[in-house]
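Novice: Shown below is the structure under consideration.
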Amino acid sequence: MSFKTSFLLLLGLSSSSLISCAVTWGENPNDHEEFLFCGSQVPNDLLIDLSEPSQPGPFHDLTKEEIQAIRRFLEKDPNIKASKSEDIALNASVVQTADLYVARKSQVLRYLNGSGDQPPRQARVMMLRGDLTPAVVQEFICGPLPNVQQCELMNHKYRRNPAQFSVRPFHKMEFLNVYDLVNAIYDKVPHILKESYDEDVYPSIFYSDLNYGFTPVGTGLLGDINQRKTWFLLTREIPFYELHFLDFGLLLNLASSNLSEWSIDQVWYAGRTYSSLEELDAGYRANTIPKIKVERPTDTLFSSLRRRGKPVPEKPQRAPWPVEPEGKRYSVKQRVVEYLDWSFNFRMSSFTGPLLYDIRFRNETIAYEVSLGEISVFYSGSVPLPQVTNYVDSAEFVGLHSRALVPGGDCPDYATFVNLTFISSFQEELDLIDSAFCIFELNNGSPLRSHTSGDHGYEGMLDSSLTLRSALTIDNYDYIIDFIFHQNGVMETRFQSTGFILPSFLRESDRNYGFRLQEHFIGNVHHHLAQFKVDLDILGTRNRLEALEFTRVESEDPKDSTKRHHKLGVRRQLKQSELEAVYDYDFTRPQYLLVHNDQFKTKNGDMRAYRVFAPSVSKHYLPENIGNERSVSWARHQMVVTKHKDDEFSSSSNYAMFDGADPVVDFSNFYKDNDTIVDEDLVLWITCGMHHIPHTEDLPVTPAVGNHLSFFLMPYNYFEDEPSSHSGDTIYQRNQEGSQETKKGGQCIIPSVTLEEDLQRNPDMVLETFRTGYAHG
């Protein structure tokens, strides 16, 4: 046995698993492999550069310079006359938000392919126009950036613009102005709150021990697109306040841009509604109405974030820490990530949330865009809060609800953290969100592949993958959104829900909608839905959708005609049109869904495809076109496939919380025209969902484990073999002289450290110590 073979066996490695690190060496002239020290070949161009580019690409978020240029133009434009931050009011021209408006896909592709210039950058701007008669909400396309020359009304076939003022998205000044209306409680019924809930409303709700929750009432329930009503429900100012609702609320009419026209339409108290505070007060004083007595709680630990109970483990002991022994295996520059065979652009839309563009594997485009489209939560119950609570979260601007990710809590400490900048409605300065994205590689401890053969030994590798993560805190719920890139060419999108549940004050009529979790509240059943846009470009934009349907095959036994064999067969079905491609999950008809370019085949003549696997399906129980269902028509099916059109850039709108009577965007129009989808540029609209019946283990914070939705983009006959088989993470053990070597190997030699300066330079190389620092910018 040669010295080289002996050395390999000590490492538990074979030369076949180490060939990518090979150069000529050895005592034998035929030896041609040298095993380099780990980290010695890391290229210098792997870097983390989070600085803002002077010339951003077609997908980069708006830069600070661009945002400031947009505001200056809006304030000076004679047709817009945007108010300065100190002058904003409901009856003024107010900047709601601004976001990148990506150029037409054909223009961007020409630029990416090197056959055209980068198209001019533009911004999409939403303006609250309370200064107009009638008041409306307008959306403009402004450009070119950074030297804005014009802002024109956005014009898309299936997106109404302007929109009615009554369906405007939430704005902070609306909440602030509501206090003046709600203070009527102090003026007229303070004694009811004191006697019923042991709460003082003095000198106003601002200074009391009360808080409130908002529950919008969509116009699909009101039957009039020009109405805007919201339940204002009192809670105790106790962490977490929405777990302490009182049986008291006001239905507010907030449709007008004139605050003097706002009013209280109804009052809810002790299980009944009243037309006014005066009617409630009169009945209360006359003892002709039901009354309630709820003591202020003395034990509120159940809703607190404080740790409780006996510590585990009893003696302090840290959890395992992942490390990057030779540094990062990815780079980030100008919001472009390169990781092993993967590359992609990422950004955060203030309107809709995280988006990825130009996703490539081995420099071949897999998807032009993968992005979050909408989040909704529909509650059920018999009292005002759950009965009308149909949250469609883009009304609160999903991206603006990004929150800072916590190192060691939300992401590994060694992750790269990326900050965001948005235009502000309330101040001339920009809104900054620290650590809104984190990027990290993680070995999740699960095999990506693994096999042991008695004759040949073992081959396998753990699944080390790259994750781009963001977190959105929208009222009580937190949503963790991951885009995960595996080494075998699989892209996974994962949506996790955590945070506080939204209960309602316990009434006997709500017993059919959930469980009593505390003395005075019930956890109402609700339905989480998340919709994603997936613009696949498999080997180009000339794609088709094909289903592989599983069938039952019956055949005659060739040796005995009286016997029958029952087997599983496969039938290919090419989807011809958008309506034919509408996908509703059917357990009795399982199938694979494949996207491919018919011009490209394997060496065996089969299609080279990507499979779309979406296991997180749930049934939407609302009947079509009833109530607010039209606002979420994208939820009717688990997947819809349409021909790409630049006008159909989003399945929902930021008005969807309120516009159920006449949706600004009715997604069903995207596929009702029934375009052909054979050899076309295809967009997949994937809806994931889960039903949630809250239980005591959801207190105080709902665990994310088991509460996640996901879908996968998976190569299917796309490569000639398993794409990760060339990975340096592979372990190959072989049997040697009747016994199997069991030592774990890798592709490189961990260096022996003899100098103090080597330890100071990179202690993880040998000691695998914990890194406290993290890239941040």
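Novice: Charges at C-beta only: +1 for Lys and Arg, -1 for Asp and Glu. How large is the resulting dipole of the chain about its Cα centre, in Debye rounded to 20?
Specialist: About 1080 debye.
Novice: Something else: What does the accessible area of Thr63 come to, in Å² to the nearest 10, when a probe of 1.4 Å is used?
Specialist: That residue has around 10 Å² of solvent-accessible surface.
Novice: Sequence-distant or interchain residues sharing an amide H contact under 5 Å with Arg449, placed H: which?
Specialist: It is Met461, by chain and number.
Novice: Please state the relative contact order of the chain as a whole percent: Cα pairs under 8 Å, 6+ residues apart?
Specialist: 15 percent
Novice: At what distance in angstrom do the alpha carbon centres of the range 224-274 and the range 302-379 lie from each other?
Specialist: Taking the Cα centre of each part, the range 224-274 and the range 302-379 sit 37 Å apart.
Novice: Where does the range 357-481 land on Rg(C-alpha)/(2.2 N^0.38 Å)?
Specialist: 1.49
Novice: Out of the total accessible area of the chain (probe 1.4 Å, heavy atoms of protein only), what percent is carbon and sulfur?
Specialist: Answer for the chain: carbon and sulfur cover 48 percent of the accessible area.
Novice: So how exposed is Leu254, as accessible area in Å² (1.4 Å probe, rounded to 10)?
Specialist: Solvent-accessible area, nearest 10 Å²: 0 Å².
Novice: Between His566 and Asp598, with labels modelled 7 Å along Cα→Cβ, what's the label distance in nm to one decimal, could you check?
Specialist: 3.6 nm
Novice: Once the whole set of protein chains is in place, how much accessible area is left on Lys293, using a 1.4 Å probe, in Å² to the nearest 10?
Specialist: 120 Å²
Novice: A further question on this structure: Rounded if a/c is under 1.5, else prolate if a/b is larger than b/c, else oblate: which is the range 269-363, with a ≥ b ≥ c the root eigenvalues of its Cα gyration tensor?
Specialist: oblate
Novice: Within 10 Å of each candidate Cβ there may be at most 12 other Cβ atoms; applying that plus a DSSP loop requirement, which trypsin sites (Lys or Arg not before Pro) in the range 50-150 survive?
Specialist: Lys84, Arg104
Novice: Which one, (i) 12, 31, 32, 17, 8, 1; (ii) 16, 46, 32, 6, 0; (iii) 14, 42, 32, 10, 1, 0, gives P(r) over Cα pairs in 20 Å bins from 0, in percent as derived from the coordinates shown?
Specialist: The calculated read-out lines up with (iii).
Novice: A further question on this structure: Ranked by accessible surface with a 1.4 Å probe, highest first, in what order do Ile192, Ile693 come?
Specialist: Putting Ile192, Ile693 in descending order of accessible area: Ile693, Ile192.
Novice: Relative to the present Cα-Cα distance, how much length would full extension add between Glu722 and Thr273 at 0.36 nm per residue of separation?
Specialist: Value of the extension gain: 155.2 nm.
Novice: Another question about this same structure. For Arg542, Arg159, what's the largest-to-smallest order of accessible area, 1.4 Å probe?
Specialist: Arg542, Arg159
Novice: Give me the extension gain from Asn161 to Ala89: residue separation times 0.36 nm, minus the current Cα-Cα distance, reported in nm with one decimal.
Specialist: 23.8 nm
Novice: A further question on this structure: Working with all protein chains in place, sort Val398, Val701 by solvent-accessible area computed with a 1.4 Å probe, largest first.
Specialist: Values: Val398 0, Val701 50 Å².
Ranked from most to least accessible, the order is Val701, Val398.
Novice: Go through 446-454, 409-417, 309-317, 179-187 and give me the packing order, highest mean Cβ count within 10 Å leading.
Specialist: Top to bottom by mean Cβ count within 10 Å: 409-417, 179-187, 446-454, 309-317.
Novice: Roughly how compact is the range 70-216, stated as its Cα Rg over 2.2 N^0.38 Å to two decimals?
Specialist: Here the Cα radius of gyration is 1.49 times the empirical estimate.
The values are calculated or read from the model by the stated rules, or taken from the named source; none is laboratory data. Computed from a predicted structure; not experimentally measured. Reconstructed Cβ throughout: ideal geometry from the backbone, glycine too, with neighbour counts over all protein chains shown. The protein model used for the area step is the full one, side chains on, heavy atoms only, and it has no ligands, DNA or RNA in it. Shrake-Rupley method; radii C 1.70, N 1.55, O 1.52, S 1.80 Å.
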